[in-house]
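Structure first, commentary second.
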Amino acid sequence: MTRSAHTYRLGDVEVVLTVPEGIRVPRLLVLKRTADAADAVFEHAGVKAVRVRGKSKPRIEAQSMIPEDWTPPADELERLRVECPSVNFDHELAQLRDFYIGKGQRMKDWTAVWRRWVRETHKRNVEKGWKPGAAASPQDESPKARWLREHGLTEAEYEQRKGDKEWLERIERRGIVA
């Protein structure tokens, strides 16, 4: 914002009146003396533009880029493993590092960024249908183990029903070998 500094003089006394740009000021400035109520008339002597510094953003100190080998503290990892069981922590840590290295973004507290990242990932997993107790399926899981997991059966329940010929034929048709 620009302001104008208007100078008024009376003899060797100067008064400077600073006003926002565009405000009209009088040619004469009359000031009353309180002791004897006499008027002091100052005459306008000149004007100059003054640039007033605006409020600057507070600087956040100690921001840094995420190091390529950054890992969260062990206690944070353990706490988040309990709080967010659907998250693949190794994968998400690699994703976090790559994302922020690629953006070139600086942060003050990478552990806080990590906590938020993991919680958001867990929230998305739950919204997509992840349920507590459902183990992540490994890629080398056998068809039998996958079928048991998908149908909510344990190995013991499977073995118990194995004697039922009709049930056995039904699961064999689905590609499960007894």
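The values are calculated or read from the model by the stated rules, or taken from the named source; none is laboratory data. Computed from a predicted model, the values in this text were never measured in an experiment. Counting neighbours? That spans all protein chains shown, and the Cβs are built from the backbone with ideal geometry, glycine included. Areas reflect the complete protein model, heavy atoms only, side chains present, ligands, DNA and RNA absent. Shrake-Rupley method; radii C 1.70, N 1.55, O 1.52, S 1.80 Å.
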Out of residues 5 or more away from Ser4 or on other chains, whose amide H comes under 5 Å of its own, with H placed 1.01 Å from N in the peptide plane? Val19, Glu21, Val50
Listed by chain and number, the residues whose amide H is under 5 Å from that of Ala40, excluding neighbours fewer than 5 places away on the same chain and using placed H, are Leu31, Lys32, Arg33
Provide the solvent-accessible area of Asp109, counting protein heavy atoms only and rolling a 1.4 Å probe, rounded to the nearest 10 Å². 70 Å²
Would you calculate, for the chain, the mean residue ellipticity at 222 nm contributed by helices, counting each DSSP H stretch of 4 or more residues as -39,500 (n - 2.57) and dividing by all residues, to the nearest 500? -11500 deg cm²/dmol
For the chain, what % of the accessible area comes from carbon and sulfur atoms, probe 1.4 Å? 51 percent
Please name which of Val15, Gly129, Met107 has its Cα lying farthest along the dipole of the chain towards the positive end, using unit charges on Cβ (Lys, Arg +1; Asp, Glu -1) and the Cα centre as origin. Val15
Considering only protein heavy atoms, what per residue accessible area in square angstrom results for the chain with a 1.4 angstrom probe? 76 Å²
Which label marks the calculated value of P(r) over Cα pairs in 5 Å bins from 0, in percent, given the options (i) 1, 8, 17, 22, 22, 18, 8, 2, 0; (ii) 1, 7, 12, 12, 9, 8, 6, 5, 4, 3, 3, 3, 3, 3, 3, 3, 3, 3, 2, 2, 2, 1, 1, 1, 0, 0; (iii) 1, 6, 9, 9, 7, 6, 5, 5, 5, 5, 5, 5, 5, 4, 4, 4, 2, 2, 2, 2, 2, 2, 1, 0? (iii)
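List the relative contact order of the chain as a percent without decimals, with contacts defined as Cα pairs under 8 Å and 6+ residues apart. Intermediate results must be reported in sequence, preceding the final value.
Numbers: 168 pairs, mean separation 27.7, N = 178.
So the answer I get is 16 percent.
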